[in-house]
There are 2 protein chains.
Amino acid sequence: MVSDTRSAIREVALELFARHGYEKTSLREIAERLGMTKAALYYHYPSKQALLLSIIEPLIAEWKTVADKASTRPHDRPNVRLVLRECLDVLLGYRPIAAMFTRDGAAVLQAIGPLYEDLLEIMRRLHAWLAGPSPTTADRIRAVAATEVLGAALGWSPDMVGVSDDDLREVLLDAALAVLRQGGRSAR
Amino acid sequence: MVSDTRSAIREVALELFARHGYEKTSLREIAERLGMTKAALYYHYPSKQALLLSIIEPLIAEWKTVADKASTRPHDRPNVRLVLRECLDVLLGYRPIAAMFTRDGAAVLQAIGPLYEDLLEIMRRLHAWLAGPSPTTADRIRAVAATEVLGAALGWSPDMVGVSDDDLREVLLDAALAVLRQGGRSAR
DNA sequence: GTCTATACCAGGATAGAC
DNA sequence: GTCTATCCTGGTATAGAC
């Protein structure tokens with residue numbers, strides 16, 4: 001199979017990062033799980049941050065795809081729903097990784113380093129699109145709040161255990177739409 | 001004045017934690033700012049986590065007050081608005097500290113240690129109250145999403161710079177209410 | 001190309017002198 | 001109440017075995 005050492009490292013790292021947090025997970029711990037030494041990891045990844053980055057990257061790429069596609073679409077009701085749904089699907093599809101963003105925000109931002117500006121830009125475009133054309137301040141706040149609603153899917157809260165993805169999808173989508181529509185001007 | 005060394009330490013620590021994140025801030029850095037050594041800090045606080053905890057504690061206490069007061073009130077429309085408003089006021093009043101929760105989640109959870117269960121309980125009660133009596137799964141998801149909306153006030157997003165507290169208060173309050181009312185059964 | 005051994009430095013923590 | 005000295009752990013760098 002193609003799955004080599006690097007994939008194995010990423011897999012173990014993701015599991016430990018997700019469980020104990022990035023900073024609380026040592027390279028020694030990861031190495032031991034794989035039956036190798038700390039230094040061996042350095043052959044495959046130049047740093048702990050680079051390892052984290054390799055795990056995070058696919059999520060950022062997905063996120064960018066969603067933002068890119070959104071930009072090409074007119075801002076009308078069905079499209080707003082569609083875009084929000086795509087955001088939600090990314091979050092749910094990469095749940096353990098996305099959860100690290102909310103859990104280890106500081107570490108993740110450090111790790112993505114140069115990509116940080118890219119991510120801000122992606123979110124900025126997404127928010128701008130969701131806020132609609134010539135948005136008021138309130139529209140911009142609502143756009144951010146709407147994406148925040150979707151973040152509830154990441155389920156750090158014990159009130160969310162045992163809730164199915166389908167329930168989350170349906171309820172959060174409508175909730176996010178409700179936030180945006182508070183504007184009254186209901187997307188044109 | 002009463003403001004002794006301990007307050008000075010907390011003040012400097014909060015500033016650095018807020019700016020560089022908890023893990024990226026070293027005790028040496030804090031000590032140097034205050035013209036003392038690392039070890040001196042240990043006379044005042046038994047650990048870095050304890051220092052963080054002392055900063056976080058007031059916020060948790062406020063949060064608990066809000067949850068306690070909510071429990072005593074009937075779940076009707078004006079009260080839901082009132083409770084959400086109180087939550088928002090806590091967030092805005094302790095903004096730099098509250099922002100650390102979202103930014104350094106993992107570190108904060110570690111730090112509050114024994115208080116972690118208390119905090120979960122507080123949030124559980126708040127969510128339960130917001131979800132209303134005999135809630136459906138959807139109601140429970142909406143309750144979590146509504147509190148998530150309020151978190152948008154913490155403004156990690158560059159789209160939120162330069163937005164006034166008053167604008168945030170008004171827009172986010174209505175947005176959170178819109179999420180809850182998606183239930184159709186509009187609080188009885 | 002893959003890994004081990006080893007050393008280095010920074011950061012949190014502790015003991016004991018002043 | 002503050003300092004010096006010390007310890008341990010963790011991320012990092014490099015030399016070299018296979």
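Values for this structure:
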{"item": "Enumeration of residues in region B:127-138 that are more than 9 Å from chain A (Cβ to nearest Cβ) and under 23 Å from residue A:165 (Cα atoms)", "result": "B:130, B:132, B:134, B:135, B:136"}
{"item": "Flag for residue B:82 being away from DNA strand D (no atom under 16 Å from the Cβ), within 14 Å of chain A (Cβ to nearest Cβ) and of a type outside the set (Asp, Glu)", "result": "no"}
{"item": "The one condition in (1) modelled with pLDDT of 95 or more; (2) more than 18 Å from the chain's Cα centre (by Cα) that residue B:183 fails to fulfil", "result": "(1)"}
{"item": "Matching residues, region B:147-169, being more than 16 Å from residue A:131 (Cβ to Cβ) and facing chain A (nearest Cβ under 8 Å)", "result": "B:148, B:151, B:156"}
{"item": "Residues being hydroxyl-bearing (Ser, Thr, Tyr) and either under 21 Å from residue B:103 (Cβ atoms) or buried (at least 17 other Cβ atoms within 10 Å of the Cβ) (or both) - total across region A:3-40", "result": "2"}
{"item": "Flag if residue B:44 is farther than 28 Å from residue B:156 by Cβ, touching a Pro at 6+ places or on another chain (Cβ under 7 Å) and surrounded by 15 or more Cβ atoms within 10 Å (Cβ to Cβ)", "result": "no"}
{"item": "Test set (1) in contact with a Lys or Arg (Cβ under 8 Å, 6 or more places away or on another chain); (2) within 16 Å of DNA strand D (Cβ to nearest atom) - residue A:70 fails condition number", "result": "(2)"}
{"item": "Within region B:1-92, helices (runs of 4 or more DSSP H) holding 2 or more residues that are within 13 Å of DNA strand C (Cβ to nearest atom) and closer than 29 Å to residue B:123 by Cα", "result": "B:5-20, B:48-71"}
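The values are calculated or read from the model by the stated rules, or taken from the named source; none is laboratory data. Computed from a predicted structure; not experimentally measured. Virtual Cβ from ideal backbone geometry, glycine too; neighbours counted across all protein chains shown.
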